[in-house]
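Student: Shown below is the structure under consideration.
Throughout, read-outs are computed from the coordinates displayed, never taken from laboratory work. Not measured: the values here are computed from a predicted model. Neighbour counts are summed over all protein chains in view; Cβ atoms, including those assigned to glycine, are modelled from backbone coordinates with ideal geometry.
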Amino acid sequence: MTAPPAPLCLRCCTSAGCLASGAAELRQALQRAVSCLELVDRIEIRGVGCLGPCSQGALLAVDPDGALFAGVRAEDATGLIAALVRRWELEAIDGQRRPLAWTPGRGERLDTSRPFFARQRRVVLENCGLIDPERIEAAIERGAYDQLRRAVQELTPMQVVETIYRSGLRGRGGAGYPTGLKWSTVAKMPGDHKVVVCNADEGDPGAFMDRSVLEGDPHRVLEGMAIAAFAVGASRGFIYIRAEYTLAIENLRGAIEQAQRHRLLGQRLFDSSFEFTVELRVGAGAYVCGEETALIHSIEGKRGTPRPRPPYPAEQGVGGLPTLINNVETFANVVPILREGSDWYAAIGTTSSKGTKVFSLTGNVRWGGLLEVPMGTSLATIVQEMGGGAPEGSTIKAVQTGGPSGGCVPASELNTAVDYASLQELGTIMGSGGMVVMDHSTNMVALAAFFMEFCRDESCGKCVPCRAGTVQLHGLLQKHLAGDATAADLAQLEALCHMVKDTSLCGLGQSAPKPVLSTLRFFREEYVALLKPVAARATEAAP
Amino acid sequence: MSVSTLTIDGQAVAMAVGATLLEAAREVGIAIPTLCHLEGLSPVAACRLCLVEIEGSGKLQPACITPVLEGMVVRTDSPTLRDYRRTVIELLFTEGNHVCAVCVANGHCELQDRAVEVGMDHSRLPYRFPDRAVDLSHQRFGLDHNRCILCTRCVRVCDEVEGAHVWDVAWRGEHCRIIAGLDQPWGAVDACTDCGKCVMVCPTGALFPKGDTVEEKHEDPSQLVALLRARQARQGAPP
């Protein structure tokens, strides 16, 4: 008689992307099938965060096989459970382990050795897709809050700041400001009351890194915030999250509640005098509230408009208190840095950009989804190799990074290694990690007009260049698309772009012209091709 | 009180620490155009007319809020700045409906003055002719959104000086407009004390006394400083 086979675990992706492909129904169907056959003790159905290739949803992983299935539907549930039972029966006869011989009806089994998975280096996402984000026990099993405990009990705040500083971590929200420097600035500010804010107002079109982290591993972010609070001497924390992220909000709410119940957030943590509470603040749909001073105003209950800096939030933030603002992914990097040490982290990546970066790959690409790679990985590796390139019959024309604040990298420059400096040289930015792939059918002027319309709609209206300039820029781009523009209009477009970039008050206005300037740099011929022929103008002007 | 010495357009100037570049420039008689700025109100740096070049800084900085620093070298005038200032004025003219010939503030309008100063004889950008409303519900004053440039002086004076907080900005981007109360007709807002300070500080003809016709609005925004000084004197504070 052989030992009973190990219990099975079916990890069912419950992130927003897969939910849209029927993941909730699939999970229910699996649970029904398992309970009908009284296999609840032997087969665990676990809802988990993002499993990666979102474009192939709904995704389902089977452990301990490590098999990953794509395009699974609710009607596949009984077949899968039956196949698992059949395998048990066969194994009971001869005691031999055998691979799972099953494929979903309309889906497929994914080869996890393919580049999309094999070339990843999961640091931020190490628990994402493995643990049930709704159960704190699952996170604690994987070591959640161990580093917070260690920091509070064994380290001084200065040691924590020093560790982050030496790791070379830079802000993952877009600008890439050195995180350790920011922490030490806030730590050095006088006063007993300080605030830590997590910016989860991810708003770039095509970006869903932060959402995936919050949906899949919320405790990772909470622990990072708590460690930051300990390091800078803060006792209050806010997570500013956009209202559209309903699942992330739900998971965060649950996570905060559970952490408080487990006395991992709140007062007198780990029998010390350290206290830290976290509140959720849900945004009301303004992109500009991702800008830190607008975000602070919004937390305070005021109109979400930016103000000039200085004073920086580190001096005067929420309620006038010294405030540390980092984005979700930055906080999610804190735990592994503390656990493995700053040298370990600094060894990943390039000279100017350390660690890994999570990207959300979307657009005209075969394998879209969430992936994490070391800094310095080339765009070609990410897009061509991991993403599988453009779909059948088309070729990649450009890759847009950094959302409406970024620019396009043409196909000829795809060998660029991704880090803060190299992307800046190409006239774009790392941004928060949204990567939109465009094939040869994309009209670059229309793309620029799309982003300009976005900025026009999202401008807060406080400063003149952004409020009125984006409207005029959008009008000029429309004029090009309509074929009514002249060379003078093109010159005016370019001049106005520079004016809006140089004179706007905040980052939104300053970077709003970037998609235009970037496409003008690499695809100027497309603008020129749209200009009205000179001859046509001459005949029109004639009486 | 410590003092910083800096250079503005080649002129050396000594200013008390905490003073702004705008104050420093005015000290030596250099005119930097402003619109949203008004002495006596908190600065918002929104109109971007007062942007100046500072040596060693890659970005243009608004003179109205940038504090003086020892050794700063500032340029308030250059071909680029001139072009940007003119563009700001053009953007303001094209986003509203500014028809000087029929405006109560004609001849006493700061927007008009700035347009003359920056040499805007026509707009290089197309006019947008937005459809905007006029609010005549208040007993004594009127609000013509067509002439509003969203400088928010009225919002600030009502909140900071009068303490009534009648005005706010609603909506966003191109749809921004000044609202009274909770977007009510001005006349229906109980909080309004009918003091007229918003009309006084309005740089254009957007807020005006009812009964004023073309060129008849004569309120002077600089009266605000006199009012604040008188208030401080009565409270026994040094002027």
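Student: Using the basic label-point model (7 angstrom from Cα toward the beta carbon), what is the A:Ala446 to A:Val85 distance in nanometres?
Tutor: If labels sit at A:Ala446 and A:Val85, their model points lie 5.2 nm apart.
Student: For A:Leu148, B:Leu224, what ranking results if the residue with the fewest other Cβ atoms within 10 Å of its Cβ goes first?
Tutor: Neighbour counts put them in this order, fewest first: B:Leu224, A:Leu148.
Student: With the cut-off at 1.5 for a/c, could you classify the stretch A:128-283 from its C-alpha gyration tensor as rounded, prolate or oblate?
Tutor: Oblate shape, in that a/c is at least 1.5 and b/c is the bigger or equal ratio.
Student: Along the charge dipole of the stretch A:444-530, pointing to its positive end and built from +1/-1 on Cβ of Lys, Arg, Asp and Glu, which listed residue (A:Ser459, A:Leu473, A:Leu447) has its Cα farthest out?
Tutor: Working it through, the farthest residue towards the positive pole turns out to be A:Ser459.
Student: Quantify how strongly other chains surround peptide B:121-130 by giving the mean number of their Cβ atoms within 10 Å of each of its Cβ atoms.
Tutor: Shielding by partners across B:121-130 averages 2.
Student: Return the unpartnered cysteines for chain B, using a Cβ-Cβ cut-off of under 4.7 Å.
Tutor: Flagged as lacking a Cys partner: B:Cys50, B:Cys64, B:Cys100, B:Cys103, B:Cys109, B:Cys148, B:Cys158, B:Cys176, B:Cys192, B:Cys195, B:Cys202.
Student: Where is the GNM fluctuation largest for chain B (alpha-carbon springs, 10 angstrom cutoff): B:Glu53, B:Glu174, B:Glu90?
Tutor: Result for chain B, Cα springs under 10 Å: B:Glu174 fluctuates most.
Student: Please compute the net charge surrounding B:Val161, taking Lys and Arg as +1 and Asp and Glu as -1 over other residues with Cβ under 9 Å from its Cβ.
Tutor: Counting the neighbours of B:Val161, the net charge comes to 0.
Student: Same structure again: Looking at the stretch A:107-210, which trypsin sites (Lys or Arg not before Pro) are DSSP coil and have at most 10 other C-beta atoms within 10 Å of their C-beta?
Tutor: none
Student: What 222 nm value per residue comes from the helices of chain A, counting each DSSP H run with n ≥ 4 as -39,500 (n - 2.57) and dividing by all residues, nearest 500 deg cm²/dmol?
Tutor: On the way: 21 runs with 228 residues, N = 543.
Per the formula, -12500 deg cm²/dmol.
Student: Please compute, for peptide A:384-390, the average count of beta-carbon atoms on other protein chains lying within 10 Å of each residue's beta-carbon.
Tutor: Taking all residues of A:384-390 together, the mean is 0.
Student: Taking the Cα centre of the stretch A:444-530 as the origin, how large is its charge dipole in debye, to the nearest 20, when only Lys and Arg (+1) and Asp and Glu (-1) carry charge on their Cβ atoms?
Tutor: About 240 debye.
Student: Do the alpha carbons of any pairs in A:Lys501/A:Lys532; A:Lys302/A:Lys462; A:Lys182/A:Lys302; A:Lys188/A:Lys302; A:Lys479/B:Lys59; A:Lys182/A:Lys501 sit beyond 19 Å of each other, and which pairs?
Tutor: A:Lys501/A:Lys532; A:Lys182/A:Lys302; A:Lys188/A:Lys302; A:Lys479/B:Lys59; A:Lys182/A:Lys501
Student: For the residues B:His138, B:His175, what sequence is obtained by ranking on other C-beta atoms within 10 Å, fewest first?
Tutor: Working: B:His138 20, B:His175 12.
In increasing order of surrounding Cβ atoms, one gets B:His175, B:His138.
Student: Nothing charged except the Cβ atoms of Lys and Arg (+1) and of Asp and Glu (-1): what's the magnitude of the dipole of the stretch A:80-133 about its Cα centre? Round to the nearest 20 debye.
Tutor: That gives the stretch A:80-133 a dipole magnitude of about 260 debye.
Student: By the gyration tensor of its Cα atoms, with a ≥ b ≥ c the square roots of the eigenvalues, what is the shape of chain A: rounded for a/c under 1.5, prolate for a/b over b/c, or oblate?
Tutor: oblate
Student: Just rank A:Leu264, A:Leu481, fewest to most, by other beta-carbon atoms within 10 angstrom.
Tutor: A:Leu481, A:Leu264
Student: B:Arg124: net charge of surrounding residues, Cβ under 11 Å, Lys/Arg +1, Asp/Glu -1, itself excluded?
Tutor: On the way: positive: B:Arg86; negative: A:Asp489, B:Asp83, B:Glu90, B:Asp121.
Result for the neighbourhood of B:Arg124: -3.
Student: Give me the net charge of A:Ser353's neighbourhood, meaning all other residues with Cβ under 11 Å from the Cβ of A:Ser353; Lys, Arg count +1, Asp, Glu -1.
Tutor: Details: positive: A:Arg170, A:Arg172, A:Lys354, A:Lys357; negative: A:Asp419.
Around A:Ser353, the surrounding residues sum to +3.
Student: Over all residues in A:452-465, what is the mean tally of Cβ atoms on other chains that come within 10 Å of each residue's Cβ?
Tutor: 5
Student: Which Cα, out of B:Trp171, B:Val116, B:Ala233, lies furthest along the positive dipole direction of the stretch B:83-234 (beta carbon charges, K/R +1, D/E -1)?
Tutor: B:Ala233
Student: Rounded to the nearest 20 Debye, what is the dipole magnitude of the protein assembly as shown about its Cα centre when Lys and Arg each give +1 and Asp and Glu each give -1 at the C-beta?
Tutor: On the way: 77 positive and 90 negative charges, 107 e Å.
For this selection, approximately 520 debye.
Student: Please label the shape of chain B as rounded, prolate or oblate, based on the square roots a ≥ b ≥ c of the eigenvalues of the alpha-carbon gyration tensor (a/c under 1.5 means rounded; beyond that, a/b larger than b/c means prolate, else oblate).
Tutor: Judged from the Cα gyration tensor, chain B comes out oblate (a/c at least 1.5, b/c at or above a/b).
Student: Of the options B:Cys195, A:Ala491, A:Gly176, report the single residue whose Cα projects farthest towards the positive end of the charge dipole of the protein assembly as shown (beta-carbon charges: Lys, Arg +1; Asp, Glu -1).
Tutor: A:Gly176
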